[in-house]
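What follows is a short report on a single structure.
The values are calculated or read from the model by the stated rules, or taken from the named source; none is laboratory data. In this text the structure is predicted, and so the values were computed from the model without any measurement. FYI the Cβ positions are ideal-geometry reconstructions off the backbone, even for glycines, and counts take in every protein chain you see.
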Amino acid sequence: MSKIVKIRDIEIGGKSNITVQSMLNVSMSDIEKAILQAIRLEQLGCDIIRVSIDSEDDARLIPRLKEAINMPIVADIQFGYINAIHAIDNGVDAIRINPCYIGEEKHVQEVVEACKKKNLPIRVGVNSGSVKKEFIDKYLGVNKFSLVESCLEQVKLIEKYDYYNIVVSIKSTNVKTNYEANKELSSRCDYPIHLGQTESGSDEDGLIKSAMGIGSLLLEGIGDTIRVSLTEHPAREVITGRKILQYLDMRPYGIEVISCPTCGRTKVDLISIVSDVKRELKGINKDIKVAIMGCAVNGPGEAREADIGFASGNGEAIMFKKGEIVKKIKEDEIIKVLLEEIEKM
Ligand code: SF4
């Protein structure tokens, strides 16, 4: 089991809840927009937010962002170790940095010492695009071995200065490599792991790759915090991340709608009904499962896990709870009756 690292009051690792992270896709220099986006992501269930800090001016805006939200802020440092120092001086809660690209070792030491003073976690890691050539040559390509060695080299650079407040990450664009590398990583160190399927794309591609890449590892007990990386608004990342956890029974995230795929026996426009039901249920924050099925014969049995459900056909719908039939209603009353029942729960 991984050890526990704390980002402000949020625990990552051990048996703590798996947290959901995202990253602002607006610049800190546009602080009003950054604040609005961060507030929206927090409302959607984001636990930790990462922001790009590329200058001292960006870092000076951290207190304004901090005032507007409750979730901890991680400074993402790509260029210049000095920006990490500025972010720390301005009250950031954690740093994401790649020590191998800082350059002079004294600068790595300076960042580590600054984090140590405030006990701030440092996330280090490697993406499939940033593995050092030395490891690619040694292990004949970008694979689990070169990814893990590259990651652990960075860990050692921090441990050298007697600092162990570390979160590690390995992200690959390839689902299988991502899975293998994170398994290997978890067997080689006990730092909490930040999971992600990097550059997974948009739409179905992004959702499928993320669910597979992150979900497969979580099912094996690997991973302590997740970030879904989509070429979309970060709100979608947060929703997807939360739903991955919800469907693995790891954290609730509102109402789950179960519905059948329809078949030759379906005698109702189930696709429209389900879409209407989902629209009406949006924003209801109850941890329950609702089933909408296309026939009275198999529906209740197939959706036995649902707290409440409806099986339609020929203008009528039977209502069932936990697979047991309760009553019969008219098909156009489904939403009204469903909302009334949810209200009582
Ligand atoms: Fe077909 Fe009924 Fe199964 Fe839906 S629940 S797929 S309508 S058999």
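Scanning the stretch 297-321 for residues that are among the polar types (S, T, N, Q) and surrounded by fewer than 19 Cβ atoms within 10 Å (Cβ to Cβ) yields 298, 314. Say whether the condition of being within 30 Å of residue 43 (Cα to Cα), surrounded by fewer than 22 Cβ atoms within 10 Å (Cβ to Cβ), in contact with a Gly (Cβ under 7 Å, 6 or more places away or on another chain) and at pLDDT 95 or above is met by at least one residue in the stretch 66-88. Checked against the condition, which is being within 30 Å of residue 43 (Cα to Cα), surrounded by fewer than 22 Cβ atoms within 10 Å (Cβ to Cβ), in contact with a Gly (Cβ under 7 Å, 6 or more places away or on another chain) and at pLDDT 95 or above, the stretch 66-88 yields at least one hit. Does the stretch 249-263 contain at least one residue that is exposed (fewer than 14 other Cβ atoms within 10 Å of the Cβ), charged (D, E, K, R) and under 33 Å from the mean Cα position of the chain (by Cα)? There is at least one residue in the stretch 249-263 that is exposed (fewer than 14 other Cβ atoms within 10 Å of the Cβ), charged (D, E, K, R) and under 33 Å from the mean Cα position of the chain (by Cα). Taken together, the residues in the stretch 202-228 that are out of contact with any helix residue (DSSP H, G or I) (no Cβ under 9 Å at 6 or more places or on another chain), closer than 20 Å to residue 47 by Cα and without any contact (Cβ under 8 Å) to a residue 40 or more places away in the chain amount to 0.
Of the helices (runs of 4 or more DSSP H) contained entirely in the stretch 233-345, those carrying at least 3 residues that are within 16 Å of the ligand (Cβ to nearest atom) fall at 270-281, 299-302.
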